[in-house]
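Student: Got a structure here, written out as structure tokens. Questions coming.
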Amino acid sequence: MSFINNMKETLEDKRVLSIQSHVVYGYVGNRSSVFPLQLLKYEVDSINSVQLSNHTQYEKCTGQILSSDDLKTIFDSLKANGINKYAAILTGYVGDVKFLKMLGSIIKDLKAANPSAKYYCDPVLGDNGKIYVPEELIPVYKTVILQLADVLLPNQFEAELLTGCKISDEASAIECMDMLHDYGIPTVIFSSTELHNADERGRLLTGYVSHRADLAAERRSNQSLEKLDMLGKKTATAQRIRITFPQLPGVFFGTGDLFSALTLAYLERDGPMPDLKKVFYKVQCTMQSVLRRTIKHAESLRADPNCPLPYSACYELRLIQSAMDILSPPECSSVTVMDV
């Protein structure tokens with residue numbers, strides 16, 4: 001419990017705005033992000049870009065979509081009441097071009113209200129070679145959103161869509177991260193890639209983190225987006241780390257949202273000079289713990305021939321049951337973090 005005891009009291013005053021999807025049943029989007037952030041002592045305000053009965057891999061999925069006008073109305077009230085000061089902003093699924101453009105305007109407004117606010121962007125576009133949002137969103141990310149991001153968290157497929165760079169090995173992964181730094185983004189994170197390895201324990205996944213201290217310093221000094229864009233294109237030394245971890249059996253949803261929330265929690269806690277290897281070791285150990293608990297529960301449900309739940313329901317993340325692991329991540333020998 002040392003992590004709990006050592007947490008800085010200032011975290012209680014760190015307010016996060018999370019704009020993501022919401023489901024009534026299960027854990028994706030805000031349902032996967034808000035709980036761990038609150039557990040780690042962050043105040044979290046959430047706006048639901050969509051409200052659905054459950055995630056889309058169930059047989060039936062219904063709900064409502066928040067319009068760009070509705071988003072503006074909500075934000076305008078926050079601003080009018082003087083409650084629009086946030087330490088960090090986290091965004092995930094957006095399925096509409098107008099909504100995404102409005103989101104860009106709101107991020108600019110929030111950064112004007114608090115120049116030290118950091119924007120964590122998970123550009124949800126697709127996965128495993130399949131786009132599941134309108135393709136028209138891609139140019140909006142490129143022209144409006146990316147230049148605003150302090151931390152970008154795409155998966156491999158999303159990074160390839162945003163850069164046009166095919167990731168086939170570590171060198172091309174680094175090239176892709178540098179192309180994203182060109183937008184002036186200080187920290188680029190690939191939660192996992194398809195650059196598989198294996199050891200005696202089975203198949204391993206590989207994640208990467210690339211951090212440009214020069215861009216982070218310029219952000220803190222409130223440089224213009226144009227100057228950041230120019231700096232991003234300059235050759236500069238980046239700190240890069242590689243994270244390897246087991247690929248666990250099962251089809252999971254909401255893992256990217258959980259990863260983004262944990263990343264925000266640890267990076268914000270550690271201030272402007274975080275120990276990236278320590279941060280992402282803890283993040284990935286937490287992820288492994290949550291997924292292993294989810295697998296164990298799913299297997300017990302599926303072993304019962306009378307279980308009425310569909311496959312997707314069996315594999316909903318066991319977030320609440322993993323609260324202690326989120327608070328105090330266990331050591332995980334299967335996770336390795338190395339400099340690149």
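Each value in this text was obtained by applying a stated rule to the coordinates, not by laboratory testing. What you see is a predicted model, and the numbers here were worked out from it, not measured in a lab. A quick note on method: Cβ atoms are made from the backbone with ideal geometry, for glycine too, and the neighbour counts reach across all protein chains shown.
Student: Within straight cross-link reach of Lys14, meaning Cα distance under 22 Å, which lysines are found once same-chain residues fewer than 8 apart are removed?
Tutor: Lys41, Lys79, Lys85, Lys108, Lys111, Lys118, Lys278, Lys282
Student: Next up: What number, rounded to the nearest 500 deg cm²/dmol, is the helix-based mean residue ellipticity at 222 nm of the chain, given -39500 (n - 2.57) per DSSP H run of at least four residues and division by all its residues?
Tutor: Calculated from helices alone, the mean residue ellipticity at 222 nm is -12000 deg cm²/dmol.
Student: Take every Cα pair under 8 Å in the chain that's 6+ residues apart, average their separations, divide by the length, and report that relative contact order as a whole percent.
Tutor: 17
Student: A further question on this structure: So, with +1 on the Cβ of K and R and -1 on the Cβ of D and E, and no other charges, what is the size of the charge dipole of segment 2-339 about its Cα centre, to the nearest 20 debye?
Tutor: 460
Student: Tell me, what ³J(HN,Hα) does each residue in segment 305-315 have, in order and in whole Hz, if you take phi through Karplus 6.51 cos²θ - 1.76 cosθ + 1.60 with θ = phi - 60° and put x for Gly and Pro?
Tutor: Once rounded to whole Hz, the list reads x, 9, 5, x, 7, x, 3, 4, 5, 5, 9.
Student: Looking only at the chain, where both bridge partners belong to it, what percent of the DSSP beta bridges are antiparallel (to the nearest 5)?
Tutor: Around 55 percent of the beta bridges assigned by DSSP in the chain are antiparallel ones.
Student: Now for a separate question. What are the ³J(HN,Hα) couplings of segment 62-78, residue after residue, when phi is run through the Karplus curve with 6.51, -1.76, 1.60 and θ = phi - 60°? Round to Hz, x for glycine and proline.
Tutor: These are the phi-based 3J(HN,Hα) values: 10, x, 10, 10, 6, 7, 4, 5, 5, 4, 5, 4, 4, 5, 4, 5, 4 Hz.
Student: State the extension gain, in nm to one decimal, for the chain segment bounded by Ser334 and Asp169, taking 0.36 nm per residue of separation less the distance between their alpha-carbons.
Tutor: 57.2 nm
Student: Check which residues have an amide H placed less than 5 Å from Ile47's amide H, if you skip close sequence neighbours.
Tutor: Distant-sequence amide H within range of Ile47: Ser18, Ile19, Gln20.
Student: Then there is this: For the chain, with a Gaussian network of springs between Cα atoms less than 10 Å apart, report the residue from Ser221, Ser68, Ser21 with the top mean-square fluctuation.
Tutor: So, out of Ser221, Ser68, Ser21, the one fluctuating most is Ser221.
Student: What whole-number value in cubic angstrom gives the convex hull volume per residue for the C-alpha atoms of the chain?
Tutor: Hull volume over Cα atoms, normalised by residue count, gives 134 Å³.
Student: Springs between alpha-carbon atoms under 10 Å, Gaussian network over the chain: tell me which of Met177, Met324, Met287 tops the mean-square fluctuations.
Tutor: Met324
Student: Can you list which of the GluC sites (Glu not before Pro) found in segment 285-340 are DSSP loop residues with at most 11 other C-beta atoms within 10 Å?
Tutor: Filter output for segment 285-340: Glu331.
Student: Sticking with this structure for a sec: Cβ neighbours within 10 Å, averaged per peptide: list 207-215, 87-95 in order, most packed at the top.
Tutor: 87-95, 207-215
Student: If you stretched the chain out fully between Gln38 and Ser221, how much longer would it get, using 0.36 nm times the residue separation minus the C-alpha to C-alpha distance?
Tutor: Full-extension gain reported as 63.0 nm.
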